[in-house]
């Protein structure tokens, strides 16, 4: 995954600072690639006598709704900011709701909207287009499902819940409560392999 590479595999960790749907480009095989590195920050290690990291330039702009709350309070750029943006992007992708939609005002945001619905109300928040199979919804209240359909329904529902839980864990308000991008990647791979 691109963020794992930027955060952990580059000699100097790189923070994208503007991860959002329009900066994820799909190739012909529908594989996503992160683009638009115009706001990127390099994390420079401080001498051992100091703690923390220092970003290479000041003033993070980013995109409202995808920028982590701590940046708005003047905190320094670090990798957990990209994790927050990834979580919001994941929630948007699976709910078809933008973090800037009118329904999200005050303390109600995309993160809380999804967190409140999990796990029992996933059917009400997930984008219905994602759960259609040959014109019929997989998530339904139809009790006439055969064995294979029932297993498929349960597998898809469990996978959707797990994906949304990753999105919620990545988009936690407090940086220390967020998953590391490596843990998020491992969980997403586990979910993919289950399908």
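The table below lists the values:
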{"quantity": "Neighbour-count order for 125, 161, fewest beta carbons within 10 angstrom listed first", "calculated": "161, 125"}
{"quantity": "177, 11, 123 arranged by Cβ crowding within 10 Å, fewest neighbours leading", "calculated": "11, 177, 123"}
{"quantity": "Highest-first arrangement of 14-20, 65-71, 33-39, where packing means the average Cβ count within 10 Å", "calculated": "14-20, 65-71, 33-39"}
{"quantity": "129, 122, 24 arranged by Cβ crowding within 10 Å, fewest neighbours leading", "calculated": "129, 24, 122"}
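Readers should treat all values here as calculations from the given coordinates under stated rules, not as data from a laboratory. Since this is a predicted model, take the numbers as computed values, not measurements. Cβ atoms come from the backbone with ideal geometry, glycine included; neighbour counts cover every protein chain shown.
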